Each structure stands twice: as C-alpha cells, then as structure tokens.
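Here's the structure we're looking at; comments come further down.
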Amino acid sequence: MLRGNLNRCSIIFRGFSTPSVVAIPEVAPEKGRIPILTCKRKEFDLYQDKGFNPNENAKFGSIPLASSGWHHYKSKTDFILIHPLHLGNNWRFSSSGMTFAKLGIRTEISKLAEELYSITRPSVIQEVAIPEILKGFHTTIAAETGCGKTLAYLLPIIERIIRKGQHQLKSRSFNTPLVLIISPSRELALQIGEVAEKLCEPHNLKVKTLVGGNTKQKMMNPTFEDIDILVGTLGVINKLTATKIYRMGAVREVVLDEADTLLDDSFSDRLSYFLQRFSFHKNLTSEAGVQLIMVSATIPVNRESMLEKIIDVSVVKNIQTPDLHRIVPNVPQKFLRMSKINRPPNLLSIAKSAIKQDHSVLVFGNKTPTANFVSHFLTSSGVDCISLNADMPMSIRMEQFERFRRGEVKIMSTTDIGSRGLDTRHVSQVVNFDFPLHMADYIHRCGRTGRLGGVQNCTITNFVSSLHELKIIQQIEHAARTRSALPNVDGNITNIIRKKIITQMRSN
C-alpha cells in the first residue's frame, strides 16, 4: 500500500534566468487508517473506516472535491493522491481455484503461456472469455488494460485449431490463413505476432505478421507459404487480400484487437467494407461460418451501429470485468498541480530517482513536439531518454521501443501511440507530462503500468498545468470518492473531436 510519501523536492531548472523551485511537503495517511484519497488540504482526505459511503449514483458536482479550487493560481503546488484498493496483481485472478485445463486448454498450450507471463492460473477475464470463444460465440472482450486479454483469445483460438486439425489439411493453399487478427497499429501487430509465434511454435502452427511501410514491394514480390494465423494492420491486409495474394476463404476466426480504435470513425468505413468479405455465422454459435472476436479496454459508443452492417449484434456475447472504465485499482496515482514552467524540473527529479532504482518510466505528451522536447531535455540534463512518435519511420520506432523494452534505456517519451497494446510489463511508472485530452486516453495510458505478470510497486504521476484539464481531473476525483465508473469513456476519439468542432461552429 502506498504510504502517501511525497519527497520534498527543490529543483533548479537549467535554462531559466530565475530558478523554478517546486516544494512538495511530505504527507502520510493517519496511522492505523486505510486511505482512499489524501490531499494537501487535509479536510478533503478520505478514509475507509470513517465517513466513507460509496455512492455510484452521486451526481458529479454533488460532493466537495479538492480539485474544485484548482482554477485559482494559489492552488499551484497542491496535490491529490488516490491510493490503491488492491495490493499487487492478485486481484486480477479468480479465487475459485480455476485452471486453464478446467477451461478446456490443453496443458501443452497453457504451460508455455504460464512461463511467458509468469502466471499460474487464469485471470478473471480469461476465466470468463475462454469458454465462450471455445464454443464459437461472437464475443466482445472488454476489460481493463493489462489484465491478459491477448491470452484470453489466443489460447482458445490455438486450442480450436489443434482440435479441428485444420492446420494439418494438405489441401489448403499457400497464403490461406485459418485465423485473422487485425490491429490498428504496426507496433501492436508485431507484438501480437511475437506472442502468437511463441505459443504456436511447439504445435507446428505457422504465424505470419504483416505491417505497412513497404506494401508495394509485398505486392510486386509476394511470398507464398503455409499460414495458420495471420496478424497485421488493416491497410496492408486489405490491399494484399484485394490483389488475391492472401485469400480469406478458410478463415474461421476474425479478431479485432484494440477494437475501439478500429471502430473509430477514422477506421470504421474501411473496416466495415473489409469485413463484408467474411460469412459470419448468424446463430449464437455455429461450426459453419466465421466467428468474430472484439477486444478492447474501452467500448466505443458507435459499436452496435457499425457491427449491424456485418452481424446480428443480438447474438454477440458481451464479456466485461467489474473494473472496466474505472480507476486502475492496484496502482497509486498522484495528481500534482503546478505551473507549466515547473513540469521539466519535476520530471527530471522523477527520472533521476527512477534511474537510481533501476526502474523504467514512460512519459506521455499530447503532441510529437512535446514528446521530442521531453527527450531532448532529459538527455541534455544527463538522463538518457528516447522518443517514440507516429512521425518516425516504422523501423526506427520499433528499434526505439525494443531498446526501451530490453532496458537499455530506462526512460521513454511518447505520444498516445505508445498508450495502446504495447508490452510494457517492465514499466514501473507512467508520467503524464501533458494530461490527456480524453478519458479513454487516460485509461490506456494508466494501463501501461501495473500489468499482469509485470513489475510490482508501480506509480502513476500526473502533471496538471492547464485550466482545460481540470474538468477531467475533477471527474476522476469524483469517481475515486464514489467508487463509480469514469464518465465519458468513448474510444471513438475522431467522433468526439468532430462533435466539438460542430458545437464550436454553431456557437460562433
């Protein structure tokens, strides 16, 4: 449990004529009491043993919030600590004594998964999702980040292939996969492909990963090989399927990983057109036809309207955990109110402390220039830091991320491209240098640490510097005090931005 200690820091930021000093006093929860939320202003502290009455129906604005005064300039150096409800990662596992074998996964498959992820039993989402996928149901897996969703669909898919013996059929042509897994990003596709290869290798199942960047070359000089599971991004798979280089006639499972992003308005038209190639079964479960599996940590509000074009949404099994769209319960979160000028010195303090403890830190900015600034600032201050953003060539992005994952560099600065799907089990701390503009982005960023099979004693630190950030901060604090779901969680960011633009145009 976080003891609530924030070290006093007094830092001089090089490059300014007037030193920028940030002093955060030490605070600790009262002895013998279990804290839910502690603040600089002690009258806003909240403990489990006295006066705490969780009320999910409490309307926003109906209870006092420490952050409600953060509009005032005197609030700078104020802070809020949201304490974890659970210790470690055990909260993600069922206490029923469930095993992968009882779920229908053969030992040869589950043993390797347990070794790769340092787990000994299924997580809650795996326990519920695996049987439904094995039965052939169209399935939506919606669960908090870092809880093992990738294994929740990969294990039963591999099990089904082996049971049916489809991979052993000699009549199947080259480039004719049995399973298609679509990802919105190249990094995630490569990561899924890597995990799938490790799980499939002992069973002689062939995995192929396709990402964009040299699609014309793939079309001009295609390769032809046995493929059981095809993983890739939508654009390259669509093009190579349209040119008949890859044929989808044998596919029996289609997986949309990070489905909220794929169902975003920027993807949905292309995705809908592509999915019309498949004959999805129309019953609750069927051996004839294709099974659709959708996986995400946030649910887009336009999901049903989009899916109605390709399947009967009434037969979809919707599986979600109780912690979906809620504050991550196993990682303490710090919200630090400060001037923008004080963000760099505070970040430098965090980075130096992490290096001493051999911890990895992921720093988020809202835009590429911010991510680059953070990288240059830390490096020039004596702390090695690499940058990751969408403007980089794919090869450089992957090289940078691999250096970070291997621990060659402990600090990585990134935009939201690094917030979804990547394997960051080694990350001890997430720092929101820029606070995210949307609640869905906040959930995904926080999910980069405290993950299943990952390091323990993680932390999330949020710098709060702009007035436009305060509404989301207050919504998060309200959710923490009432133990309610976070509001306005919509993975369709494009639609949110469009609505805001329309609203502004109408008001003008």
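Summary table below
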| read-out | value |
| --- | --- |
| Surface accessible to a 1.4 Å probe, per residue, for the residues of the chain, Å² | 44 |
| Cα pair count fraction exceeding 13 Å, expressed as % - region 387-446 | 62 |
| Net charge of Cβ neighbours under 13 Å - reference residue 428; Lys, Arg +1; Asp, Glu -1 | +4 |
| Enclosed volume per residue, in Å³, of the convex hull spanned by Cα atoms of region 442-481 | 89 |
| Apportionment of accessible area to carbon and sulfur, region 111-166, percent (1.4 Å) | 50 |
| Carbon and sulfur %, accessible surface of region 354-426 computed with the full protein complex present, 1.4 Å | 51 |
| Tail weight of P(r) past 19 Å, computed on alpha-carbon pairs of region 130-241, percent | 49 |
| Region 205-270, accessible surface, carbon-and-sulfur percent (1.4 angstrom probe) | 50 |
| Volume in Å³ per residue [convex hull over Cα atoms, computed for region 407-475] | 99 |
| If the convex hull is drawn through the Cα atoms of region 177-296, its volume per residue in Å³ | 115 |
| Largest-first ellipsoid semi-axes for region 292-421, taking √(5λ) over the Cα gyration tensor eigenvalues, angstrom | 35, 19, 15 |
| Two-decimal Rg/Rh across the chain, once Rg and the Kirkwood Rh are taken from alpha-carbon atoms | 0.98 |
| Anisotropy class of region 57-109 from Cα gyration tensor, a/c 1.5 cut | prolate |
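The values are calculated or read from the model by the stated rules, or taken from the named source; none is laboratory data. Predicted model, so just to flag it, every value in this text is computed and none were measured. All Cβ positions, glycine included, derive from the backbone under ideal geometry; neighbour counts span all protein chains shown. Surface areas here come from the heavy atoms of the whole protein model, side chains and all, with no ligands, DNA or RNA. Shrake-Rupley method; radii C 1.70, N 1.55, O 1.52, S 1.80 Å.
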